[in-house]
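Student: Have a look at this one before I ask anything.
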Amino acid sequence: MQAPSLPVVLVHGWAFDPSFWDTIRAALGPIQSRCLDFGFFGPRPAMDLPQVPYVAVGHSLGALWLLRHHGPLCRGLVLINGFSRFGSATDFTHGIPRRVIERMRAGLLREPEGLLHSFRLRAGIDTPLPPHIERDRLEQGLQALMDMDCRNDLKQATCPVQAIAGTEDAIAPPTLTRACFTPGSGVDTPQWLDGGHLLPLTHATTCARAITGMTRRITA
């Protein structure tokens, strides 16, 4: 008899909220899942990880955050449209230039609705923004995208790590992805899908299959 699957924790990316995972959660079927929340559009963040063994799934900024914070109870990581570093650095020239993220920050402070709509449109979605915008938390998220470096966290991860990337990703382009996931990085070969930055929405079945596979091959 097969052991029950481990619960799944889902962490959304910048400019999104937990509803981003609705399609994936439906595709996961009976597997127990819960969403963390950066609080970009809500009254408060909810970022407490489980106190039992689990599999973690992060999208974009959520993947970066999980690399840093997943902890010893995490039994597997699935990084979708993710990266171990986003902003460029002297030893990471394939990252997004600092001036680009600074320009986003200026737009966020000046006109948050316009900047967020523009970003989400570039990512590949044109749905209305949630009505409540927490600009300070979004600014903190941009700061993390600019400065957070989880390359060593990835190398030192003690659980299996799988990366799923889009060949047409306009936010985290393939050159950035390949620079993060090289031999010796902790993820040698991402799973490439013909898609953009929102693979959990556009390729939900494939992503859910990868998540399910991770939960079934890992035991508590």
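The values are calculated or read from the model by the stated rules, or taken from the named source; none is laboratory data. For clarity, every value in this text was computed on a predicted model and none was experimentally measured. Heads up, the Cβs are rebuilt from the backbone with ideal geometry, glycines too, and the neighbour counts pull from every protein chain shown. SASA here: full protein model, heavy atoms, side chains in, ligands and nucleic acids out. Shrake-Rupley method; radii C 1.70, N 1.55, O 1.52, S 1.80 Å.
Student: Assuming Gly95 fulfils every condition listed in (1) out of contact with any Pro (no Cβ under 8 Å at 6 or more places or on another chain); (2) closer than 13 Å to Ala15 by Cα; (3) modelled with pLDDT of 95 or more; (4) open to solvent by less than 40 Å² (accessible area, probe 1.4 Å) apart from one, which condition is it?
Tutor: Result: Gly95 fails condition (2) only.
Student: Can you name every residue in the range 116-147 that is under 15 Å from Pro45 (Cβ atoms), surrounded by 13 or more Cβ atoms within 10 Å (Cβ to Cβ) and charged (D, E, K, R)?
Tutor: Glu134, Arg135, Arg137, Glu139
Student: Taking the range 61-70, which residues are open to solvent by 10 Å² or more (accessible area, probe 1.4 Å) and not hydrophobic (A, V, I, L, M, F, W, C)?
Tutor: Within the range 61-70, Arg68, His69, His70 meet the criteria.
Student: Could you tell me whether Cys159 is outside any helix (DSSP H, G or I) and over 18 Å from Ser88 (Cβ atoms)?
Tutor: Considered against the rule, which asks whether it is outside any helix (DSSP H, G or I) and over 18 Å from Ser88 (Cβ atoms), Cys159 comes out as yes.
Student: Check Val9 against each of (1) more than 23 Å from Glu139 (Cβ to Cβ); (2) outside any strand (DSSP E or B); (3) open to solvent by less than 40 Å² (accessible area, probe 1.4 Å) and name the one condition it does not meet.
Tutor: Only one criterion is unmet by Val9, namely (2).
Student: Out of the residues in the range 23-45 that are open to solvent by 50 Å² or more (accessible area, probe 1.4 Å) and touching a strand residue (DSSP E or B) at 6+ places or on another chain (Cβ under 9 Å), which is farthest from Thr127 (Cα to Cα)?
Tutor: By that ranking, first place goes to Gln32.
Student: Further question on the same structure: List every residue pair whose Cβ atoms sit under 6 Å apart, with the two residues 6 or more apart in sequence or on different chains, where the first one lies in the range 134-148 and is more than 12 Å from Leu64 (Cα to Cα) and small (Gly, Ala, Ser) and the second, anywhere, is modelled with pLDDT of 95 or more and surrounded by 19 or more Cβ atoms within 10 Å (Cβ to Cβ).
Tutor: Matching pairs, first to second residue: none at all.
Student: Considering (1) out of contact with any Lys or Arg (no Cβ under 9 Å at 6 or more places or on another chain); (2) more than 20 Å from Trp14 (Cα to Cα), say which one Val100 fails and leave the rest.
Tutor: With respect to (1) out of contact with any Lys or Arg (no Cβ under 9 Å at 6 or more places or on another chain); (2) more than 20 Å from Trp14 (Cα to Cα), Val100 is out only on (2).
Student: Which residues, taken from the range 112-126, are touching a helix residue (DSSP H, G or I) at 6+ places or on another chain (Cβ under 6 Å) and of a type in the set (A, V, I, L, M, F, W, C)?
Tutor: Answer for the range 112-126, where residues must be touching a helix residue (DSSP H, G or I) at 6+ places or on another chain (Cβ under 6 Å) and of a type in the set (A, V, I, L, M, F, W, C): just Leu115.
Student: Mind checking which residues of the range 169-198 are open to solvent by less than 50 Å² (accessible area, probe 1.4 Å) and under 21 Å from Ala157 (Cβ atoms)?
Tutor: Ala172, Leu176, Thr177, Ala179, Cys180, Phe181, Ser185, Gly186, Val187, Pro190
Student: Looking at Thr90, Thr175 in this structure, which one is within 16 Å of Gly196 (Cα to Cα) and not aromatic (Phe, Trp, Tyr)?
Tutor: After applying the criteria, what remains is Thr175.
Student: Only one residue in Gly95, Gly82 is under 20 Å from Gly196 (Cα atoms) and under 14 Å from the mean Cα position of the chain (by Cα), so which one is that?
Tutor: Only one candidate qualifies: Gly82.
Student: Outside any helix (DSSP H, G or I), β-branched (Val, Ile, Thr) and in contact (Cβ under 8 Å) with a residue 60 or more places away in the chain - does that describe any residue in the range 23-30?
Tutor: no
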